[in-house]
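Enquirer: Please find one structure pasted underneath; my questions will follow.
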Amino acid sequence: MAVRDASSLLVGLLVLFLTWGAWADVEVNMEDRVEVFRGETAQIACMFKSSEGIGAMIIQWFYMTRGGEKQRIYYQDITTKIVDRGTPFTDRISVNGTGATGDVVLTISNVQLEDELEFICLIRSVTGEAGEGRTKLKVFETPNLPSIESVQTGISVNEEGLAKIGTCEVKNGFPKPNITWYRNMTPLRTVQDVVKIMPSITTESSGLFSVRSELSMKVMKEDKDDQFYCEVTYFVPGGTRMTETNRINITVYYPSTAVSIWVESPKGKIKEGDSIELHCQGNGNTPSSIITIKHTKSGQTWDNDVLVLNNVTRLDSGVYECISMDTDTFDEISGDTSVFVNYLDPAVVMPQDTIEVDQGQKLQATCNALSSLQMDTAWFKDGQEVSRGHSLILQNATFDTAGMYMCVVTVPEIEEMETSGTLLVHVQGPPEIMEQDYTEMDLVFEKTVDLSCHARGFPAPSITWITSDGKVLKTASQEETEDGVQSVVSIKVTSDITALCNASNKYGSDAVTFNIKAKGSGVIIAVIIICILLLAILGSVLYFLYKKGKICGRSGKQDLTKEKSNKDNIVVEMKSDNTEEAVLLGVNGEKQPPSDQ
């Protein structure tokens, strides 16, 4: 029995030795790894050769389970190709090639995350020689775009410990993506009591990985303008890729070390009537500070960082102080600025209001105004500049000198800053009637004409109208002008008229004569007289003919044989008050009987 067992053991060792030697003669080559995106198709190549040739090889494919067991999924020999049933790959694999060329390819469709396994290609010859190769299948999934979220509240530099800055998250990647925090393009690493980065990994039900990272820091004033973002690195077949989040800022609270106050508007010099806007601001950033603006001259205060003063006056000039108090520590800091409100007082004209000057005398007046800036002064009359400077001097006054003068005071440095005053000048002297456009005129009979007389002088002249025969005319209108009086009369032309305008005051008088000729009045009278004379002559002729018997049947009947032209038989029929007889007169004055009519 013992001999038989020993013989069996010897045979077994001999078979094992011969088999090991045979395997060494079959060479199998495969890639270390094949990489593919989830859902795509993977192809795993197996190339082999043997010292005895490659015909009639037995080809088998296996995978290593996660428990470390070898599981066959495919078998092939010279006559048979079998896909093993009941494996995760039964419906998703195929093998191309017969082995006659020394290579076969395992194709896996619709690759899933759980397919990330090691696959084995086992080649055995009919004589028992064998060899195998192994390839790891790597599966990849591109993660979603990363997101970043900053803290919604401000962070004080006085806060104890580390303050949370924000969180970054990237979801659904495979293998696990990596998150790196950056500040101003500089990567951050965990530093004790300065920077802390806490990552966390979640495996989703799909098997994909989601990664979350939280950044905390000890915040300083210098961090107020920093930009934070995350860089996500993930793997793809053949390499890695990178994407970044958008940038975030944090609100940093820190106490002020200085305070500034300034005039925001208007820009440039300020004048009375303007609106002033003062701004006050510290160089810190803290919600616990209180800003107060104070007018040191009046002691008035305003609890605000912006002060608006409307319609300012020179009394608003002075120093304005901005005070910032930290309510946590009750420390105060302040700053100030000076405000000056420029002014221009109303113009004062001397003499005031009105001045009276005699003809030929000198007129002198002054115009002054109190101002904080340099001024320009000009005098105007009837819209025309007549003098520059605060003094107005006019020699040898005439009636043309009289009128309203305006002095205008302006400040060249500030637009629209000006004031003005007026002076009414009266020139005393005898009246002077303004030259008339017409004093001689021919007018149609019965026409009404308005005569105007403008007399200059002061005191205002008295104007009367009379005709050449001493008749006083009633004025239609009369009004005082700036330099005298204007009077108007209305005259109806019934004959030739001479009208006199007389102007007088205590200094003298002046007059002007208007001569009006009535056109057509003599012609009408002459026509009337001629008509009367013609009627008288006609009556006399008729009476003479009647006495001579030339009319009314006194000269017998007209010869009927005498031929008369129809043109000579133009007659006039007349009736007498004493008889019913009709008398017909021929053109020769002869009586014609009624039968000849």
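The values are calculated or read from the model by the stated rules, or taken from the named source; none is laboratory data. This structure is a prediction, so every number in the text was calculated from the model and none was measured. Every residue, glycine among them, receives a Cβ derived from its backbone with ideal geometry; neighbour counts consider all protein chains shown.
Enquirer: With the requirement that a residue be under 28 Å from residue 223 (Cβ atoms), touching a residue at least 60 places away in the same chain (Cβ under 8 Å) and crowded, with 19+ Cβ neighbours inside 10 Å, what does region 276-288 give you?
Expert: If we filter region 276-288 for residues that are under 28 Å from residue 223 (Cβ atoms), which is where we start, we get 279-288.
Among the residues that remain, those that are also touching a residue at least 60 places away in the same chain (Cβ under 8 Å) are: 285-287.
Listed by number, the list holds a single entry, 286.
Enquirer: Hey, another quick one. So which of 263, 211, 312 ends up being assigned to a strand (DSSP E or B), under 33 Å from the mean Cα position of the chain (by Cα) and either at pLDDT 95 or above or surrounded by fewer than 13 Cβ atoms within 10 Å (Cβ to Cβ) (or both)? Spell out the reasoning first.
Expert: On the way: 211 fails: under 33 Å from the mean Cα position of the chain (by Cα); 312 fails: assigned to a strand (DSSP E or B).
Unique residue meeting the criteria: 263.
Enquirer: Within region 381-435, take every residue that is outside any strand (DSSP E or B) and among the acidic types (Asp, Glu) and give me the one that is farthest from residue 367 (Cα to Cα).
Expert: Applying the first criterion (outside any strand (DSSP E or B)) to region 381-435 yields 382-383, 389-390, 395-402, 411-417, 434-435.
If we keep only those that are among the acidic types (Asp, Glu) as well, we get 382, 400, 413, 415-416, 435.
Numbers: 382: 18, 400: 21, 413: 20, 415: 21, 416: 19, 435: 35 Å.
Per the criteria, the residue is 435.
Enquirer: Then there is this: Filter region 31-68 down to residues that are surrounded by 13 or more Cβ atoms within 10 Å (Cβ to Cβ) and of a type in the set (Gly, Ala, Ser), then give me how many there are.
Expert: 4
Enquirer: Provide a single number: the residues in region 415-432 that are over 18 Å from residue 368 (Cα atoms), out of contact with any Ser or Thr (no Cβ under 8 Å at 6 or more places or on another chain) and touching a residue at least 40 places away in the same chain (Cβ under 8 Å).
Expert: 3
Enquirer: Give 125, 109 a once-over and let me know the one that is surrounded by 15 or more Cβ atoms within 10 Å (Cβ to Cβ), touching a Ser or Thr at 6+ places or on another chain (Cβ under 8 Å) and among the hydroxyl-bearing types (Ser, Thr, Tyr). Talk me through it step by step, then tell me what you get.
Expert: Values: 109 fails: surrounded by 15 or more Cβ atoms within 10 Å (Cβ to Cβ).
Only one candidate qualifies: 125.
Enquirer: Only one residue in 149, 159 is acidic (Asp, Glu) and part of a loop (DSSP other than H, G, I, E, B), so which one is that?
Expert: None of the other options fit; the residue is 159.
Enquirer: Just wondering, is there one or more residues in region 435-443 that are under 60 Å from the mean Cα position of the chain (by Cα) and surrounded by 11 or more Cβ atoms within 10 Å (Cβ to Cβ)? Don't jump to the end; show me each part of the working.
Expert: Of all residues in region 435-443, those under 60 Å from the mean Cα position of the chain (by Cα) come to 435-437.
Checking which are surrounded by 11 or more Cβ atoms within 10 Å (Cβ to Cβ) leaves us with 436.
Yes, there is a match, as at least one residue in region 435-443 is under 60 Å from the mean Cα position of the chain (by Cα) and surrounded by 11 or more Cβ atoms within 10 Å (Cβ to Cβ).
Enquirer: When both residues are 6+ apart or on different chains and their Cβ atoms are under 8 Å apart, which pairs have a first residue that lies in region 289-305 and is closer than 17 Å to residue 327 by Cα and in contact (Cβ under 8 Å) with a residue 12 or more places away in the chain, and a second that is among the charged types (D, E, K, R) and assigned to a loop (DSSP other than H, G, I, E, B)?
Expert: 290/303; 291/303; 291/305; 292/303; 293/305
Enquirer: Name the strands (runs of 3 or more DSSP E) wholly within region 66-139 that hold at least 2 residues that are in contact (Cβ under 8 Å) with a residue 60 or more places away in the chain? Even if it seems obvious, please write down each step before you answer.
Expert: On the way: elements: 70-76, 81-83, 93-96, 103-108, 118-124.
Output list reads 103-108, 118-124.
Enquirer: Checking residue 206 against (1) closer than 30 Å to residue 113 by Cα; (2) in a strand (DSSP E or B), which test does it fail?
Expert: Here residue 206 clears every test but (2).
Enquirer: Determine, yes or no, whether residue 221 is closer than 30 Å to residue 327 by Cα, in contact (Cβ under 8 Å) with a residue 12 or more places away in the chain and not assigned by TED's automatic domain parsing to the domain that holds residue 337. Steps first, please.
Expert: Working: closer than 30 Å to residue 327 by Cα: yes; in contact (Cβ under 8 Å) with a residue 12 or more places away in the chain: yes; not assigned by TED's automatic domain parsing to the domain that holds residue 337: yes.
Against the criterion (closer than 30 Å to residue 327 by Cα, in contact (Cβ under 8 Å) with a residue 12 or more places away in the chain and not assigned by TED's automatic domain parsing to the domain that holds residue 337), residue 221 qualifies.
Enquirer: Follow-up. So which residues in region 474-506 are among the charged types (D, E, K, R) and either outside any strand (DSSP E or B) or more than 26 Å from residue 402 (Cα to Cα) (or both)?
Expert: Step one: of region 474-506, the residues among the charged types (D, E, K, R) are 474, 479-480, 482-483, 492, 496, 506.
Those that are among the charged types (D, E, K, R) and either outside any strand (DSSP E or B) or more than 26 Å from residue 402 (Cα to Cα) (or both): 474, 482, 483, 492, 496, 506.
Enquirer: Among the residues that make up region 334-350, is at least one of them in a loop (DSSP other than H, G, I, E, B), over 40 Å from the mean Cα position of the chain (by Cα) and among the charged types (D, E, K, R)?
Expert: No, the conditions are met nowhere in region 334-350.
Enquirer: Anything in region 345-355 that is under 30 Å from residue 430 (Cβ atoms) and surrounded by fewer than 16 Cβ atoms within 10 Å (Cβ to Cβ)? List them, or say none. Spell out the reasoning first.
Expert: Here is the first cut: in region 345-355, the ones under 30 Å from residue 430 (Cβ atoms) are 349-355.
If the condition is that a residue be under 30 Å from residue 430 (Cβ atoms) and surrounded by fewer than 16 Cβ atoms within 10 Å (Cβ to Cβ), then 350, 351, 352, 353, 354 are the ones that fit.
Enquirer: If the requirement is being out of contact with any Gly (no Cβ under 9 Å at 6 or more places or on another chain) and at pLDDT below 95, which of these qualifies: 327, 366?
Expert: When all the criteria are applied, what remains is 327.
Matching residues to (1) in contact (Cβ under 8 Å) with a residue 60 or more places away in the chain; (2) within 28 Å of residue 417 (Cα to Cα); (3) buried (at least 16 other Cβ atoms within 10 Å of the Cβ):
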residue: 337; (1), (2), (3): yes, yes, no
residue: 343; (1), (2), (3): yes, yes, yes
residue: 357; (1), (2), (3): yes, no, yes
residue: 366; (1), (2), (3): no, yes, yes
residue: 379; (1), (2), (3): no, yes, yes
residue: 382; (1), (2), (3): no, yes, no
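Enquirer: Considering only region 448-466, state which residues are within 14 Å of residue 502 (Cβ to Cβ) and either exposed (fewer than 14 other Cβ atoms within 10 Å of the Cβ) or not assigned by TED's automatic domain parsing to the domain that holds residue 488 (or both). Please lay out each step first, then the result.
Expert: As a first pass, look at region 448-466 and keep what is within 14 Å of residue 502 (Cβ to Cβ): 451, 453-455, 457, 461-466.
Matches in region 448-466: none.
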